[in-house]
Amino acid sequence: MTHDIELTVNGVAHSVSVEPRKTLLSVLRDQLHMTGTKEGCSTGDCGACTVILDGKTVTSCLVLGVEADGSDVTTIEGIATCEELHPVQEAIVEKGGVQCGFCTAGIIVSSVALLNENPKPTPDQIRRGLAGNLCRCTGYTKVIEAVTDAAKKIKKPARRKVSKRK
Amino acid sequence: MPNPSLNSVGKRVGRLNGPDIVTGRTLYADDIQLQEMLHGRVLRSPHAHALIRSIDTRKARKLPGVVDVITAEETDGLSILARKEVRYQGDKVAVVVAENPDIALDAVELIEVDYQVLGSATDPFEGIAPNAPVAVRGAKNEDVRDENGKRYRNVAARDEIVQGDVDAAFAKADAVVENIYRAPYWHQTYMEPNSCTAQAQPGGRVTLWTSCQGSFNIRSAVADALKIGEGRLRVVPLEMGGGFGAKNRLFCEAHAVFASIRTGRPVKILINREEEFLDGHPAPGCWVRLKTAARKDGSITAVEGRILWDGGIGGRNGNLARLVGPYNVPNIRLEGFGVRTNKPTPGAYRAPGAPQTAMARESNIDALAHKLGIDPIDIRLKNAVRKGDRTSGGVTLPHDWLANTIKAAAKEARWGKTGLKKNQGMGIACGDWQNGSGPTNAFIALSEDGSVQVLTGQVDITGLHTVMAQIVAEVLTVPVGKVTVQLGDTDKVPYTSLSAGSKAAYSAGTAARKAAEGARERLLQEAADILEAAPADLELKGGKVSVIGLPSRSVTVADVASSAMDSNDGPVTGQWIVGKIPTYPSYSVNIATVEVDPGTGRVHLLDLVAAQDVGRALNPMLVEGQIQGGATQSIAYGMMEGMIYDEEGRVRNANLLDYAIPTAPDMPDIRTVLVEEGCEHGPYGAKGVGEPPIIPGAAAVANAIYDAVGVRVTELPMTPERVVAALDQARED
Ligand code: FES
Ligand code: FES
């Protein structure tokens, strides 16, 4: 038994037929083939699967696909255009905030959402804002540096850019 | 110390594939999706130790969507699935192959296995008792006896170091410290659970995509497990979502290949997080009794003790010399046992065995310093291996690397100069690691536009390819952005060793430099024809070849590369294959500042200085990042991490909620100090960087706790309960 749902992902409308037990993460990765969002645990503990759902960050492994019916989703693929990186993405590369990169999609999505709400966070606020995103490689020092740096570069609250990629 | 004569090497260059990673475009192993792909799932033992009486797969086979069910019986004598005995919780019993992961999961639950549960050994100390349960039936063990002549159980391996006159040294010592330390199994907890996909092709070859630290290593291991020739396999390594040593070894690659050969369709097996904990390759735990003696002046005169490694079903032993560490100790009597326990055989985790042994060694040295009234820094400087000393790895040191790293750490941390409040303390610990080297390669080709393509078989674990690009850019005097580095699979490049043991940048960096030098020579030769000059009269600078002293007679790298396409000698290329290169040890020193709440036992890490002797930092930003990450892992072992096994030998914390790793709010900024004194064999003076950072952190925290509240916690992790217990004990004494 499947349910037909409609959702907008990175500005593009999709209708998908989903099994009731499929998570939003699985819909994104397996059905829409957007594999930028990662699965690190499937229990809501690592944050690798973080996406923005109707303006709020969620761990997409804990959201059922059917629950996302009618919603607006931003994933890592929708944070930048092909030509221009978001300041957070740029800073993560330039400041060495990425090592293996498996946590990175989640870290970036959470940071972008954090900066949307609080454009001038202190390092402590950034640490707390990323408390749900585990990173095993960096020890966080350079991640925090990068997000702090990105915040300085963003004049206005970050606009969400819509990917041109289909 | 940036070297002013270098343009690319030594610069803080961001990851070249960074833009792909941060936009979610980089493919990791689980992102591979193939037409007609099936999904495999493993049925695992729920028991730590049991005999299999029978397996009934009939119901599972009948489930619609199930394509194959594989048990030992179907494997024709291979040992990829348990036949009669399961030896740890998570041991593989059967593999279901189905149209989708949900069906595979349902089918696994329909397999009925009748087990006869056996006694299990999950602790090495209890596991060697003469009457302990046998961990693995029929396994060959050493005949080692206790003082009553009774044979110890489950001792798979034994070694010893005996040197000098230990008894006399203890008799003459001014201070002696003896403690028992314990450390649990410790999971690498990379964020990417292992995933692999195999596709059998007509004609018998199989392609395997996997997350691994070495494609050829995986190829040999799969070939061995399935008793097939290496040439039948093509292993394609993907971007790796963290490994730290664990992904040196197989997860379910052999099973995926086997299932794909049987079904004729691609088969993916994704390990979930729980399976990672049950059947990964974590670092071993250990039990250590260590006794250390010193003279009044702080010189360490003797080390005596025994270590029991929690060796899993393989009974893996460790490196005993690590209990002595990077210090000159004349009298040694040490004994090490690799004890079989009902756990998966441990694997490598950054500097295998070093953090556990450093905890014991560095705590004892610290205790001696306090007993003798000597500064913990001074006692280490007094005993540190120095220039001219021969290390346990057999090399003679050309510099005072360790002493200089200790001094650099002390300076950065303002050792002895900071005003610590009540219940705050500072602790220092040191570590050493001699990196390996191994077969690797670099193949370079220049394009018409002067861009440079590099191919290597060396898997990039934390920026290796960026560093290789920097080296190539340096030699060819082009901007780093003009260089791309591709990872070749086992069909495209010659045998390449693992990216592990801090050897990737050391070895592949050397290959990149030599290959680029070869390309440079070709470039000059080709330019000589264009400029009608002798190659010896030419210089390559800023992307141009010109006649020395006549800068106007010049030609760009792009022009040379382009015209070479049509020349008699063909395109501009260079290549280099490395076998082995000599190596030196490198040293890491951590100074931790903590605050202990004596009421709750909670330890708060206020500051961490991590100094490391890196030879030369090829990319300081990436080096600092590796040091910060490694130090964080060690601190976590010190304060919060460890796998917990219950009485029945089952893992009680097989998820990321109960096996908590540090989050951003748990950590302070880690201050790094790079000590750069060069190493004659490494590329541009570099040494291996990846392992040393993880060694001293836990011990530095232990010593800081002592400094703060005067108690020594000897069991990892040093949880609030253990700190409180140590405080209570101290009050009673
Ligand atoms: S995969 Fe969703 S939180 Fe880990
Ligand atoms: S960069 Fe590897 S987990 Fe964060």
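The values are calculated or read from the model by the stated rules, or taken from the named source; none is laboratory data. All of these numbers come straight from a predicted model, not from anything done at the bench. Positions of Cβ are backbone-derived with ideal geometry, glycine not excepted, and every protein chain shown enters the neighbour counts. For accessibility, only protein heavy atoms count, side chains too; no ligands or nucleic acids. Shrake-Rupley method; radii C 1.70, N 1.55, O 1.52, S 1.80 Å.
Below are the figures for this structure:
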item	result
Evaluation of A:Thr148 against (1) out of contact with any helix residue (DSSP H, G or I) (no Cβ under 9 Å at 6 or more places or on another chain); (2) more than 10 Å from chain B (Cβ to nearest Cβ) (one fails), failing number	(1)
Where B:Val711 falls short, out of the listed (1) over 22 Å from the mean Cα position of the chain (by Cα); (2) at pLDDT 95 or above; (3) part of a helix (DSSP H, G or I)	(3)
Answer residue from region B:652-677, given it is part of a strand (DSSP E or B) and open to solvent by less than 20 Å² (accessible area, probe 1.4 Å) and is farthest from B:Gln188 (Cα to Cα) among those	B:Val675
Neighbours by Cβ (under 8 Å, 6+ apart or cross-chain): first from region A:57-72, more than 18 Å from A:Leu130 (Cα to Cα); second open to solvent by 60 Å² or more (accessible area, probe 1.4 Å) and among the acidic types (Asp, Glu)	A:Gly65/A:Glu19; A:Asp69/A:Glu6; A:Gly70/A:Glu6; A:Ser71/A:Asp54; A:Asp72/A:Asp54
Test: residue in region B:555-573 that is touching a Ser or Thr at 6+ places or on another chain (Cβ under 6 Å) and modelled with pLDDT of 95 or more	no
Answer residue from region B:638-648, given it is away from chain A (no Cβ under 14 Å) and in a loop (DSSP other than H, G, I, E, B) and is farthest from B:Pro133 (Cα to Cα) among those	B:Gly642
Residues within region B:321-331 that are among the hydrophobic types (A, V, I, L, M, F, W, C) and open to solvent by less than 10 Å² (accessible area, probe 1.4 Å), tallied	1
Identity of the residue in region B:678-693, surrounded by 21 or more Cβ atoms within 10 Å (Cβ to Cβ) and touching a Gly at 6+ places or on another chain (Cβ under 6 Å), that ends up nearest to the other protein chains (Cβ to nearest Cβ)	B:Pro693
Region B:182-212: number of residues that are away from ligand 2 (no atom under 14 Å from the Cβ), within 14 Å of another protein chain (Cβ to nearest Cβ) and under 24 Å from B:Gly457 (Cβ atoms)	5
Evaluation of A:Lys38 against (1) buried (at least 24 other Cβ atoms within 10 Å of the Cβ); (2) touching a Ser or Thr at 6+ places or on another chain (Cβ under 7 Å) (one fails), failing number	(2)
Residue match in region B:285-294 (condition: within 16 Å of ligand 1 (Cβ to nearest atom) and not small (Gly, Ala, Ser))	no
Test for B:Asp607: is it among the acidic types (Asp, Glu), within 30 Å of B:Val724 (Cα to Cα), within 14 Å of chain A (Cβ to nearest Cβ) and over 18 Å from the mean Cα position of the chain (by Cα)	yes
Single condition B:Thr23 does not satisfy, out of (1) under 30 Å from B:Ile80 (Cβ atoms); (2) open to solvent by less than 20 Å² (accessible area, probe 1.4 Å)	(1)
Single residue of B:Glu677, B:Glu624 found to be over 26 Å from B:Gly127 (Cα atoms) and more than 21 Å from the chain's Cα centre (by Cα)	B:Glu677
Scan of region B:602-628 for residues that are under 17 Å from B:Asn703 (Cβ atoms) and surrounded by fewer than 24 Cβ atoms within 10 Å (Cβ to Cβ), ordered by number	B:His604, B:Leu605, B:Leu606, B:Asp607
Boolean, B:Gly394 is touching a helix residue (DSSP H, G or I) at 6+ places or on another chain (Cβ under 8 Å), under 28 Å from B:Asp159 (Cβ atoms) and open to solvent by 20 Å² or more (accessible area, probe 1.4 Å)	no
Yes/no for B:Thr663 being β-branched (Val, Ile, Thr) and within 25 Å of B:Asp123 (Cα to Cα)	no
Any chance B:Arg137 is touching a strand residue (DSSP E or B) at 6+ places or on another chain (Cβ under 8 Å), assigned by TED's automatic domain parsing to the domain that holds B:Ser54, open to solvent by 70 Å² or more (accessible area, probe 1.4 Å) and not in a strand (DSSP E or B)	no
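Per-residue answers, yes or no, for (1) open to solvent by 10 Å² or more (accessible area, probe 1.4 Å); (2) in contact with a His (Cβ under 7 Å, 6 or more places away or on another chain); (3) closer than 30 Å to B:Lys11 by Cβ; (4) within 16 Å of ligand 1 (Cβ to nearest atom):
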residue	(1), (2), (3), (4)
A:Thr2	yes, no, no, no
A:Val18	no, yes, no, no
A:Cys46	no, no, no, yes
A:Gly70	yes, no, no, no
A:Gly96	no, no, yes, no
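Residue-by-condition table, conditions (1) under 30 Å from B:Asp728 (Cα atoms); (2) within 12 Å of chain A (Cβ to nearest Cβ):
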position	(1), (2)
B:Gly625	no, yes
B:Ala631	yes, yes
B:Ala636	yes, yes
B:Arg650	no, no
B:Glu676	no, no
